[in-house]
1. Using the structure shown, decide if Pro102 is modelled with pLDDT of 95 or more, over 19 Å from Gly120 (Cβ atoms) and in contact with a Phe, Trp or Tyr (Cβ under 6 Å, 6 or more places away or on another chain).
2. Filter the stretch 207-220 down to the residues that are surrounded by 20 or more Cβ atoms within 10 Å (Cβ to Cβ) and touching a Ser or Thr at 6+ places or on another chain (Cβ under 7 Å), then identify the one that is nearest to Leu145 (Cα to Cα).
3. From the residues in the stretch 25-44 that are surrounded by 14 or more Cβ atoms within 10 Å (Cβ to Cβ), out of contact with any Lys or Arg (no Cβ under 8 Å at 6 or more places or on another chain) and not hydrophobic (A, V, I, L, M, F, W, C), which one is modelled with the lowest pLDDT?
4. Quick check, is Val123 closer than 25 Å to Leu38 by Cα and part of a helix (DSSP H, G or I)?
5. Picking from Asp118, Asp139, which residue would you name as being under 26 Å from Leu159 (Cβ atoms), out of contact with any helix residue (DSSP H, G or I) (no Cβ under 7 Å at 6 or more places or on another chain) and not basic (Lys, Arg)?
6. Could you go through the stretch 87-96 and let me know if any residue there is touching a Lys or Arg at 6+ places or on another chain (Cβ under 8 Å) and more than 23 Å from Ile224 (Cβ to Cβ).
7. Considering only the stretch 178-218, how many residues are farther than 21 Å from Lys117 by Cα and of a type in the set (A, V, I, L, M)?
8. Scan the stretch 150-166 and give yes if some residue there is β-branched (Val, Ile, Thr), at pLDDT 95 or above, crowded, with 17+ Cβ neighbours inside 10 Å and in contact with a Leu (Cβ under 8 Å, 6 or more places away or on another chain), otherwise no.
Amino acid sequence: MSSTNASFKLSLTGPFGHAAVVDSATTRSDQDGTKTFLHVGCGPKNKSQLKGFNTAKWREIRFDIDPSVYPDIQGTVTDMHAVTSGSVDAIYSSHNIEHVFPHEVHKVLLEFYRVLKDDGIVVLTCPDLVSVCAAVANDRLTETLYESPAGPIAPLDVLYGLRKALESGKMYMAHKTGFTYKTLNEAFFQAGFKFNFGAARPSTYDLWIVSFKQRMTDEEGEKIALNYLP
């Protein structure tokens, strides 16, 4: 893994609500010592499957565009008006940021920044275009890179969106942008975040980053980030 000033080794293991839902959860968190995280693009998942968030310490608010997964809040990452500013301690986002256009990325990260408390963090993962494009360069465009809960994933799916989902009419599953670790890191800084810790994982074709709203030392950032990284 890497931060701004140091490099570290990554282990390769691993009915709708509204703003009142967030306000209520935040109040309870303040009272009982738990923290609240917004699970952006949750799909059918919940915190039981998320490293670091799967404890009694964390209260989850599920946020998704798809009503069929019964999110606490239905919405899109480009318009999170239903989430109160400064109301959550953390955001977890897995494979969502690639679903917006390049010019919308900054808007999404500004929304993340807005809803976080002053000491909040974002834990985000998305495809790594360096390793995916290496597979394409080796003429593996439609070959399986890895198996996912949704089925086999080929570079074509990573670049443009899961073909099975798009065929079924879920056009919001299309991929419209992509990142290397360098561009992802820079995007968070441009949105006002002060410290990043993360890396590319070529063997699993993904990027992971933990981004902090406040300044951290390398040691402080690494210690916190490793609680949530695979």
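The values are calculated or read from the model by the stated rules, or taken from the named source; none is laboratory data. Small disclaimer: the values here were computed from a predicted structure and weren't measured. Using ideal geometry, Cβ is built from the backbone for each residue, glycine included, and neighbour counts are taken over all protein chains shown.
1. Numbers: modelled with pLDDT of 95 or more: yes; over 19 Å from Gly120 (Cβ atoms): yes; in contact with a Phe, Trp or Tyr (Cβ under 6 Å, 6 or more places away or on another chain): no.
Taking the combined requirement at face value, the residue does not satisfy it.
2. Leu207
3. As a first pass, look at the stretch 25-44 and keep what is surrounded by 14 or more Cβ atoms within 10 Å (Cβ to Cβ): 25-26, 29, 34-43.
Imposing the further condition that a residue be out of contact with any Lys or Arg (no Cβ under 8 Å at 6 or more places or on another chain) reduces the set to 26, 38, 40-41, 43.
If we keep only those that are not hydrophobic (A, V, I, L, M, F, W, C) too, we end up with 26, 41, 43.
On the way: Thr26: 50, Gly41: 95, Gly43: 93.
Out of the qualifying residues, it is Thr26.
4. Numbers: closer than 25 Å to Leu38 by Cα: yes; part of a helix (DSSP H, G or I): no.
No: the conditions fail for Val123.
5. Numbers: Asp118 fails: under 26 Å from Leu159 (Cβ atoms).
Answer to the selection: Asp139.
6. No.
7. Adding up the residues that qualify gives 4.
8. Going through the stretch 150-166, the residues β-branched (Val, Ile, Thr) turn out to be 153, 158.
If we keep only those that are at pLDDT 95 or above too, we end up with 153, 158.
From what is left, the residues that are crowded, with 17+ Cβ neighbours inside 10 Å are 153, 158.
From what's left, in contact with a Leu (Cβ under 8 Å, 6 or more places away or on another chain): 153, 158.
Within the stretch 150-166 (the criterion being β-branched (Val, Ile, Thr), at pLDDT 95 or above, crowded, with 17+ Cβ neighbours inside 10 Å and in contact with a Leu (Cβ under 8 Å, 6 or more places away or on another chain)), the answer is yes, since at least one residue qualifies.
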